[in-house]
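Asker: Please read through the structure below; I'll follow up with questions.
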Protein chains: 2
Amino acid sequence: MSVSDRTVRVALLGCGTVGAEVVRLLGEQADDLTARVGARIEIVGIAVRRLGRERGPLPVDAGLFTTDALGLVKRDDVDVVVEVVGGIEPARTWLVEALRAGKSVVTANKALLAEDGAALHDAAAEGGADLYYEASVAGAIPLLRPLRESLHGDRITRVTGIVNGTTNFILSSMDATGAGFTEALEEATELGYAEADPTADVDAFDAAAKAAILASLAFHSRVTAADVHREGMTAVTASDVASAKEMGCTIKLLCIAERGPDASGRESVAVRVHPAMIPRSHPLASVGDAFNAVFVEAEAAGQLMFYGRGAGGAPTASAVLGDVVAVARNKLAGTRAASESNYAHLPIRPMGEAMTRYHISLDVADRRGVLATVAGVFAKHEVSIATVRQSGRADDAVLVIVTHGAPDAALAATVEELRGLDIVRSIASVLRVEGGA
Amino acid sequence: MSVSDRTVRVALLGCGTVGAEVVRLLGEQADDLTARVGARIEIVGIAVRRLGRERGPLPVDAGLFTTDALGLVKRDDVDVVVEVVGGIEPARTWLVEALRAGKSVVTANKALLAEDGAALHDAAAEGGADLYYEASVAGAIPLLRPLRESLHGDRITRVTGIVNGTTNFILSSMDATGAGFTEALEEATELGYAEADPTADVDAFDAAAKAAILASLAFHSRVTAADVHREGMTAVTASDVASAKEMGCTIKLLCIAERGPDASGRESVAVRVHPAMIPRSHPLASVGDAFNAVFVEAEAAGQLMFYGRGAGGAPTASAVLGDVVAVARNKLAGTRAASESNYAHLPIRPMGEAMTRYHISLDVADRRGVLATVAGVFAKHEVSIATVRQSGRADDAVLVIVTHGAPDAALAATVEELRGLDIVRSIASVLRVEGGA
């Protein structure tokens, strides 16, 4: 693609909260951006669903707006396509069209990347175009570029992230106030942290999409949302949070991607999203409010953490613009960034083979031999117990058991068998424990 | 530079802790690196001070070692020069030679970059070569690349960092155990966190060099170590640490680079390194042990933090290799990264004009009117008081005063005048307060 007259021409698809902020910042920081890029960055068209909607005072000509996104993408005078619409279609059609034609793409579309990133990467390779998507995971935090560039001299072993601000706000609030899930969700909705329909957040669809993107980058393999074991956090109770506190832990909705051997000893990747206890001393534990953070473990680098705002118009626009600057520089230099790195082709290890630890609270009959019986069930499934705490009252008692690491399937089977014992009155809570507690 | 037979040939200058780890990792991860870069990375020479020194079992031919670093740099078959020797000369001569000849340079040399980065950047521009130095600040943490790339669509307002692991270990230990500086330093020395001569660390020369590098990148201006106001942390006492605790704070050695107007209203940069109290709720407060972390505030992105190991052979080598992968890719693509961004040319604001807050403990005579007299001194210097705590016993009292933000010169003048009052028996401690406490 030629870049005419030292101007990089951008087509913007979508002008909601993030899009409007991109427009505003491009105007406000025009001189700085020109100095940094060595060329003007100019918006040549903005595709929206409906014209004439009130969008506040944006520093662009009203004539730039169009409802024909595909037509805008196809225009010869477009160098870079920025997509902040979201969803699978029609975004995929637009971006594939742009990339095949050699236009660079900057997108915040985590759902599309997680479901069919392959379509985009393949189109980028075909068209020799750049595909950047920093804003798709953990909003403003410069995270994907470190993963796809800075850490390429190292071997990442594990990525553990708090990548959904809504659920982190809810869990932080439950931890701080002792509130239950429903109450904390209501507060989050009132404050604008949760949407009217919070399903994507609380059932962890959002976090699972981000987990797939992170796993793909960290392990040089294609991982999709369908590969991610997903458990939401609606079942976390005030009593779970209290149990975590007693253990010196807090509960977070974590996305975890790790490499390791599968049952046959073959190197593989396990990716999962679920609520888990982590010790308060862990750097992720103090990530409060709606903040995001991603903890990365690599063989040589050791432990790293990236922290910041995961959502919001301005933070997301910051990430989008950082990408726009990068692809604009590449355009001007007549080059492109390193393409998708998926050479490792690591297979996905099923959740049952992921090594996890469980924290289990049992209401049991206070009879002689109960602990022996319970311990026998763990032993039968080859699950080793780390700690047991027993508090008895009258004729019932509570057993709190924390295991050592074991395959998740063995732990789940242990819980199932415990549930069937007549000395177990109920299983008060089962939570995974992460972060080396 | 041509890259022969899809091999990128590296000259390594220095083979101490970091250099040996670079050699080891290049060998161990050779296949992965080849897959990521699209070419083999091969060490073609290693310059050392003395041959024949025991270096452990390194996966390279003994014939690669040479004492002629300059000769090695000048060899036609060298594409990339990696420098892990440190110090100003002869490193500067070697690197300028390499860059002018179009060879890419990866260096961890913070002292050289902070004292005369201009010589390196100018030579890189002249030779059309890449200059990468991720390992020079905060070791393994991918930080400089986010600053020089990811955040280029945003305007950074402030960078606050814990960038020296030795002093953070000492201060964390003082905070945890109540030990004094000398005792904590001894412990750090025994554990290998402090060198036999700890001057560069405890007198903050190391942190000041890193502050200059961070400020240059964050504010698109050339900042050198000489521009950094530097105060070491040897004067921090156990009693200061205890005072901080009472305030809900901890003491950290911080490097702070911020933009803002100078006395005449002109946009400028202030860069300083000194110990300061920060509230325990601040993300930097929980950075313990010898870890590093850098907190970045930007207009659109908001608050970001980068956390990880700041030193050590493997962590530093991880950063070096990430840079090697980047420059190797650029070589193969026949391109180079964006060059130095110093277009803003912001002037340095002197320390006296930096806006800071003080925490001052005074031993005063317990007489009527003491507080009025003391408050009058603050008012005279136009320093506004945020909180006063007074605890009296017999005929003396302790006044603990925390100010609002004011020019550092006004605060320093206030302290000087307080020192001269006859009702002030002694000034027990003066510490700056950062992080919005």
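Asker: Give me the pairs: first residue in the stretch B:18-33 and assigned by TED's automatic domain parsing to the domain that holds residue B:319, second residue of a type in the set (S, T, N, Q) and at pLDDT 95 or above, beta-carbon distance under 7 Å, and six or more apart or on different chains, which are they?
Answerer: From residues that are assigned by TED's automatic domain parsing to the domain that holds residue B:319, the pairs are B:18/B:316.
Asker: Check residue A:79 against each of (1) at pLDDT 95 or above; (2) under 21 Å from residue A:217 (Cα atoms); (3) among the charged types (D, E, K, R) and name the one condition it does not meet.
Answerer: (2)
Asker: I would also like to ask the following. When the residues of the stretch B:66-91 are narrowed to those that are of a type in the set (Val, Ile, Thr) and without any contact (Cβ under 8 Å) to a residue 24 or more places away in the chain, which ends up surrounded by the fewest Cβ atoms within 10 Å (Cβ to Cβ)?
Answerer: Looking at residues that are of a type in the set (Val, Ile, Thr) and without any contact (Cβ under 8 Å) to a residue 24 or more places away in the chain, I get B:67.
Asker: So is residue B:113 within 10 Å of another protein chain (Cβ to nearest Cβ) and in contact (Cβ under 8 Å) with a residue 60 or more places away in the chain or not?
Answerer: No; evaluated as a whole, the condition is false for this residue.
Asker: I need the full set of residues from the stretch A:348-370 which are without any contact (Cβ under 8 Å) to a residue 60 or more places away in the chain and either touching a strand residue (DSSP E or B) at 6+ places or on another chain (Cβ under 6 Å) or within 14 Å of chain B (Cβ to nearest Cβ) (or both), in order please.
Answerer: Scanning the stretch A:348-370 gives A:366, A:370.
Asker: How many residues does the stretch A:325-347 contain that are in a helix (DSSP H, G or I), more than 8 Å from chain B (Cβ to nearest Cβ) and among the hydrophobic types (A, V, I, L, M, F, W, C)?
Answerer: 3
Asker: I'd like the full set of residues that are facing chain B (nearest Cβ under 7 Å) and surrounded by fewer than 24 Cβ atoms within 10 Å (Cβ to Cβ), limited to the stretch A:306-324.
Answerer: A:314
Asker: Another question, then. Would you mind telling me which numbered condition in (1) more than 10 Å from chain A (Cβ to nearest Cβ); (2) among the hydrophobic types (A, V, I, L, M, F, W, C); (3) under 25 Å from residue B:242 (Cβ atoms) residue B:293 fails?
Answerer: Just one mismatch for residue B:293, condition (1).
Asker: (1) in a helix (DSSP H, G or I); (2) within 21 Å of residue A:239 (Cβ to Cβ); (3) modelled with pLDDT under 95: which one isn't true of residue A:415, the others all being true?
Answerer: (3)
Asker: Further, regarding this structure: Restricting attention to the stretch B:389-428, and to residues there that are among the β-branched types (Val, Ile, Thr) and without any contact (Cβ under 8 Å) to a residue 60 or more places away in the chain, which single residue is surrounded by the most Cβ atoms within 10 Å (Cβ to Cβ)?
Answerer: Result: B:414.
Asker: Which is in contact with a Phe, Trp or Tyr (Cβ under 9 Å, 6 or more places away or on another chain) and under 24 Å from residue A:133 (Cβ atoms), of A:95, A:99, A:25, A:70?
Answerer: A:70
Asker: Within the stretch A:306-317, track down each residue that is under 17 Å from residue B:146 (Cα atoms) and in a helix (DSSP H, G or I).
Answerer: The answer is A:315, A:316, A:317.
Asker: Moving to a separate point now. So which residues in the stretch B:92-132 are touching a strand residue (DSSP E or B) at 6+ places or on another chain (Cβ under 6 Å) and among the small types (Gly, Ala, Ser)?
Answerer: B:98, B:104, B:124, B:129
Asker: Can you run down the residue pairs with Cβ atoms below 6 Å, 6 or more apart or on separate chains, where the first is in the stretch B:299-313 and farther than 26 Å from residue B:21 by Cβ and the partner is among the charged types (D, E, K, R) and assigned to a strand (DSSP E or B)?
Answerer: B:302/A:309; B:303/B:297
Asker: Between a first residue in the stretch B:376-388 that is outside the structural domain of residue B:359 (by TED's automatic domain parsing) and a second residue that is aliphatic (A, V, I, L, M), which pairs have beta carbons less than 9 Å apart while being 6 or more apart in sequence or on different chains?
Answerer: Final answer for the pair search is none.
Asker: I would also like to ask the following. Just the residues that are of a type in the set (Gly, Ala, Ser) and either surrounded by fewer than 16 Cβ atoms within 10 Å (Cβ to Cβ) or over 19 Å from residue B:261 (Cβ atoms) (or both), please, taken from the stretch B:353-380.
Answerer: B:361, B:365, B:369, B:372, B:375, B:376, B:379
Asker: Just checking, how many residues over the stretch A:43-65 are surrounded by fewer than 16 Cβ atoms within 10 Å (Cβ to Cβ) and either within 21 Å of residue A:98 (Cα to Cα) or modelled with pLDDT of 95 or more (or both)?
Answerer: 1
Asker: Oh, and also: Just name the residue that is farthest from residue A:316 (Cα to Cα) out of those in the stretch A:138-167 that are touching a Lys or Arg at 6+ places or on another chain (Cβ under 6 Å) and within 9 Å of chain B (Cβ to nearest Cβ).
Answerer: Applying the filter and picking the extreme gives A:152.
Table: residues versus (1) in the same structural domain as residue A:251 (by TED's automatic domain parsing); (2) more than 18 Å from residue A:252 (Cβ to Cβ); (3) of a type in the set (A, V, I, L, M).
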residue: A:158; (1), (2), (3): yes, no, no
residue: A:188; (1), (2), (3): yes, no, yes
residue: A:191; (1), (2), (3): yes, yes, yes
residue: A:221; (1), (2), (3): yes, yes, no
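Asker: Between A:241, A:296, which is under 12 Å from residue A:171 (Cα atoms) and touching a Gly at 6+ places or on another chain (Cβ under 9 Å)?
Answerer: Among A:241, A:296, only A:241 is under 12 Å from residue A:171 (Cα atoms) and touching a Gly at 6+ places or on another chain (Cβ under 9 Å).
Asker: Take the residues in the stretch A:112-142 that are crowded, with 24+ Cβ neighbours inside 10 Å and among the charged types (D, E, K, R), then tell me which one is farthest from residue A:304 (Cα to Cα).
Answerer: Checking each candidate, the answer is A:130.
Asker: Another question, if that's okay. Quick check on this structure: which one of A:185, A:171 is in contact with a strand residue (DSSP E or B) (Cβ under 6 Å, 6 or more places away or on another chain) and of a type in the set (A, V, I, L, M)?
Answerer: A:171
Asker: Mind checking which pairs have a first residue in the stretch A:141-153 that is more than 22 Å from residue B:303 (Cα to Cα) and a second that is part of a loop (DSSP other than H, G, I, E, B) and of a type in the set (A, V, I, L, M, F, W, C), Cβ under 8 Å, 6 or more apart or different chains?
Answerer: Taking only residues 6 or more apart or on different chains, the pairs are A:148/A:338; A:149/A:338; A:151/A:301; A:153/A:300.
Asker: A follow-up question, please. So which residues in the stretch B:296-305 are within 7 Å of chain A (Cβ to nearest Cβ) and in contact with a strand residue (DSSP E or B) (Cβ under 8 Å, 6 or more places away or on another chain), if there are any at all?
Answerer: Selection gives B:298, B:301, B:302, B:303, B:304, B:305.
Asker: Please tell me if residue A:293 is hydrophobic (A, V, I, L, M, F, W, C), under 25 Å from residue B:22 (Cβ atoms) and not assigned by TED's automatic domain parsing to the domain that holds residue A:14.
Answerer: Spelling it out, it is not the case that residue A:293 is hydrophobic (A, V, I, L, M, F, W, C), under 25 Å from residue B:22 (Cβ atoms) and not assigned by TED's automatic domain parsing to the domain that holds residue A:14.
Asker: What are the residues in the stretch B:18-35 that are within 10 Å of chain A (Cβ to nearest Cβ) and over 18 Å from residue A:302 (Cα atoms), if any?
Answerer: Residues satisfying the conditions are B:31, B:32, B:33, B:34, B:35.
The values are calculated or read from the model by the stated rules, or taken from the named source; none is laboratory data. Just so it is clear, the structure is predicted and the values come from calculations on it, not from any experiment. Using ideal geometry, Cβ is built from the backbone for each residue, glycine included, and neighbour counts are taken over all protein chains shown.
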